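Q: Here's a structure for you.
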Amino acid sequence: MLFETHAHLNAPEFDEDREEVIARARENGVSTIVNIGFNAETIPTCLQLAEKHDFIYAVVGWHPQDAKDMTDEHLEWLEELSRHPKVLGLGEMGLDYYWDTSPKDVQAEVFRKQIRLARKVNLPIIIHNRDAHQDVITILREEKAAEVGGIMHCFSGSWETAKMALDMNFYISFGGPLTFKNAKQPKEVAAKVPLDRLLIETDCPYLTPHPFRGKRNESGYVRYVCEEMANIHGMTYEEMAKQTAENARRLFRLD
Ligand SMILES: [Zn+2]
Ligand SMILES: [Zn+2]
């Protein structure tokens with residue numbers, strides 16, 4: 001029933017017990033997982049995982065932290081992969097001003113090129129945004145990202161930013177931080193997002209929800225995000241699981 005929209009199950013953190021983690025996700029009610037490959041190393045392993053399991057899909061793109069490494073050949077590779085039957089979207093792409101491992105202008109250029117590619121191949125895009133809210137919105141607008149829409153993943157911005165993204169056909173996805181006791185802003189923003197635009201994710205192995213905060217995250221823990229989201233919207237767990245899964249299937253055109 002649960003649709004986990006953002007995982008990194010190909011990460012080395014899962015090398016010891018990957019299949020057990022995937023089995024536990026199934027036991028916790030996860031019906032579908034979208035796994036993200038975001039650079040030259042992680043894209044091939046991301047695709048392998050999607051080819052091995054029919055309920056795991058892939059999204060491929062270039063992370064802003066790796067922006068300085070993306071070549072024109074890589075962009076052509078992404079275009080080729082966009083035709084792969086298990087590839088549902090492009091990303092994660094965007095801007096990361098926290099780690100700042102690639103210069104801002106390079107991040108912006110790589111972000112713009114990927115939006116243009118997404119419009120060319122007509123696939124939704126997954127946006128990574130850390131401390132760069134205004135610039136992300138500006139680029140999405142200038143590059144007409146509304147044509148393809150997509151996901152603001154692990155959203156941490158204000159309602160104003162969320163509203164601007166919603167107006168450009170984006171869905172707003174929340175992860176583990178939504179469950180933290182002191183997460184006032186994410187809870188307030190999540191409460192205002194229209195029900196038909198809400199998504200849930202883990203971003204595992206990172207951003208582990210309460211009550212496992214501090215430990216390695218895994219896809220099965222998306223149930224804690226769903227529980228919190230159900231509380232915030234005054235719905236049952238089952239209703240929220242169904243709603244967010246329907247939203248994800250609509251966005252990724254899985255029906
Ligand atoms: Zn991210
Ligand atoms: Zn991610």
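The values are calculated or read from the model by the stated rules, or taken from the named source; none is laboratory data. These numbers were taken from a predicted model, which means no experiment stands behind them. We place every Cβ from the backbone using ideal geometry, glycine too, and count neighbours over all the protein chains shown. Each accessible area value is taken on the protein alone, full model and side chains, heavy atoms only, with ligands, DNA and RNA left out. Shrake-Rupley method; radii C 1.70, N 1.55, O 1.52, S 1.80 Å.
Q: Of the residues Val106, Val121, Val87, Val148, which single one is in contact (Cβ under 8 Å) with a residue 24 or more places away in the chain and touching a Pro at 6+ places or on another chain (Cβ under 7 Å)?
A: Exactly one of Val106, Val121, Val87, Val148 is in contact (Cβ under 8 Å) with a residue 24 or more places away in the chain and touching a Pro at 6+ places or on another chain (Cβ under 7 Å), namely Val148.
Q: Is there a residue in segment 41-55 that is within 23 Å of Arg130 (Cβ to Cβ), surrounded by 21 or more Cβ atoms within 10 Å (Cβ to Cβ) and not aliphatic (A, V, I, L, M)?
A: yes
Q: Please go through (1) in contact with a Phe, Trp or Tyr (Cβ under 9 Å, 6 or more places away or on another chain); (2) within 16 Å of ligand 2 (Cβ to nearest atom); (3) small (Gly, Ala, Ser) for Ala190 and return the number of the only condition it doesn't satisfy.
A: Failing condition for Ala190: (2).
Q: Does segment 62-96 hold any residues that are open to solvent by 30 Å² or more (accessible area, probe 1.4 Å) and within 13 Å of ligand 2 (Cβ to nearest atom), and which are they?
A: Residues satisfying the conditions are Gln65, Asp66.
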